[in-house]
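Before any comments, here is the structure.
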Amino acid sequence: MEIVDQLNAFPEVKSFLNNGFQASIECKKVPVIDSHDLEWAFNLTKQNMQSMYITSEWGWDDKEKKEEMFDKKGWYLIARNDQNIPIGMVSFRFDIEEGDAVVYCYEIQLSQSIRGKGLGKYLMNILKLLGTRSKMDKVMLTVFKRKYSIMLNLAL
């Protein structure tokens, strides 16, 4: 069974350009993502989030986080710079949450060097577009309270 790129219906969103910064965006399901890209996504998430998890009631566990991030039901939006190096990602699933069909955003992570360029907002807008196209009721995500002010800037 072929896994279709969810962005094929929207080729115009596969390129991001803002104030001279550009990135290409791809959408892939976990089973077809290169193992190096999955490890990169995990390492970026660990680098960005481990300390927050440790200070929360959840704690951090590499094995559990990898199981979540590498689950075959998962999808990724991966942003790459002009040298094809991954610089940001969203991991998500199409799911049912509290009776609603949702696109559930598990992670949105950006490399430190490209934050503040609008890429995170752009990726969230793509996620909303995918949800609308798939007739989902809403986009959902879990936010650490410390990050709330940041997430307000990404409001859909």
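In the set 97, 26, only one residue is in contact (Cβ under 8 Å) with a residue 40 or more places away in the chain and under 16 Å from residue 141 (Cβ atoms); that residue is 97. Hey, could you check the range 39-57 for residues that are surrounded by 13 or more Cβ atoms within 10 Å (Cβ to Cβ) and of a type in the set (A, V, I, L, M, F, W, C) and say which is nearest to residue 77 (Cα to Cα)? So, considering only residues that are surrounded by 13 or more Cβ atoms within 10 Å (Cβ to Cβ) and of a type in the set (A, V, I, L, M, F, W, C), the one nearest to residue 77 (Cα to Cα) is 41. Total residues in the range 88-103 satisfying the condition of being hydrophobic (A, V, I, L, M, F, W, C) and surrounded by fewer than 22 Cβ atoms within 10 Å (Cβ to Cβ): the figure is 4. Taken over the range 134-151, the criterion of being touching a helix residue (DSSP H, G or I) at 6+ places or on another chain (Cβ under 8 Å), at pLDDT below 80 and not aromatic (Phe, Trp, Tyr) is satisfied by 143, 146, 147.
Among the residues of the range 1-33, write down those that are surrounded by 11 or more Cβ atoms within 10 Å (Cβ to Cβ), among the polar types (S, T, N, Q) and either farther than 16 Å from residue 114 by Cβ or more than 15 Å from the chain's Cα centre (by Cα) (or both). Scanning the range 1-33 gives 6, 18, 22. The single condition from (1) over 14 Å from the mean Cα position of the chain (by Cα); (2) assigned to a helix (DSSP H, G or I); (3) surrounded by 12 or more Cβ atoms within 10 Å (Cβ to Cβ) that residue 36 fails is (3). With respect to the stated conditions, residue 8 fails to be on the phi > 0 side of the Ramachandran plot and either of a type in the set (D, E, K, R) or modelled with pLDDT under 95 (or both). Can you work out which of the residues in the range 60-83 that are without any contact (Cβ under 8 Å) to a residue 24 or more places away in the chain and in contact with a Ser or Thr (Cβ under 9 Å, 6 or more places away or on another chain) is surrounded by the most Cβ atoms within 10 Å (Cβ to Cβ)? Only one residue fits best here, namely 65.
The values are calculated or read from the model by the stated rules, or taken from the named source; none is laboratory data. Keep in mind it's a predicted model, so treat the numbers as computed, not measured. Because the Cβ atoms are built from the backbone with ideal geometry, glycine has one as well, and the counts that use them run over all protein chains shown.
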